[in-house]
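Here is the structure we will look at.
The values are calculated or read from the model by the stated rules, or taken from the named source; none is laboratory data. Predicted model, so just to flag it, every value in this text is computed and none were measured. Note: ideal-geometry Cβ built from the backbone for every residue, glycine included; neighbour counts use all protein chains shown.
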Amino acid sequence: PYAEGYIFEYGGQIAGYALLSQTYSNEAGGLVLWIEEVYILPEYRRKGLGHEFFVFVEQRYKGMVARIRLEADKTNERAIELYRKLGFANLNYLQMYKEV
């Protein structure tokens, strides 16, 4: 499948979700896994769920994709800190869009 969704649970309760997709990239030389969305309910943050999910993703997709990509809001400092601790690095790309 080229898209997957995950539900996070903590103590038997739904704590959040993540959406993933795959695209092909000539630059990366193969499939790229996009982490499209990760959301954890406020009361479940800082409990290791995000870290655990990213470790799971890297183990699951190692050897299957050339790269893992994500985007983060520049103001979401906690998420950016987590991503950097997990080895993610900034790209020198300007993201652009057009409403249609």
Answer with yes or no whether GLN95 is under 27 Å from GLY12 (Cα atoms), among the polar types (S, T, N, Q), exposed (fewer than 15 other Cβ atoms within 10 Å of the Cβ) and out of contact with any His (no Cβ under 9 Å at 6 or more places or on another chain).
no
List the residue pairs whose Cβ atoms are under 6 Å apart, where the first residue sits in the range 82-100 and is free of Cβ contacts under 8 Å to residues at least 60 places away in the same chain, the second is surrounded by 10 or more Cβ atoms within 10 Å (Cβ to Cβ) and aromatic (Phe, Trp, Tyr), and the two are 6 or more positions apart or on different chains.
LEU86/PHE54
Checked GLN59, GLN13 against criteria (loosely packed, with under 14 Cβ neighbours inside 10 Å, modelled with pLDDT of 95 or more and over 14 Å from the mean Cα position of the chain (by Cα)); the one match is GLN13
Considering only the range 25-61, state which residues are outside any strand (DSSP E or B) and among the β-branched types (Val, Ile, Thr).
VAL55, VAL57
Tally time: how many residues in the range 62-84 are closer than 22 Å to LEU31 by Cα, within 13 Å of the chain's Cα centre (by Cα) and part of a loop (DSSP other than H, G, I, E, B)?
2
Report, by residue number, each residue of the range 1-24 that is free of Cβ contacts under 8 Å to residues at least 40 places away in the same chain, part of a strand (DSSP E or B) and not small (Gly, Ala, Ser).
GLU4, ILE7, GLU9, TYR10, GLN13, ILE14, TYR17, LEU19, LEU20, THR23, TYR24
Go through the range 85-100 and give me each residue that's basic (Lys, Arg) and in a loop (DSSP other than H, G, I, E, B).
LYS98
So, of the residues in the range 16-56 that are of a type in the set (A, V, I, L, M) and surrounded by fewer than 17 Cβ atoms within 10 Å (Cβ to Cβ), which turns out to be modelled with the lowest pLDDT?
ALA28
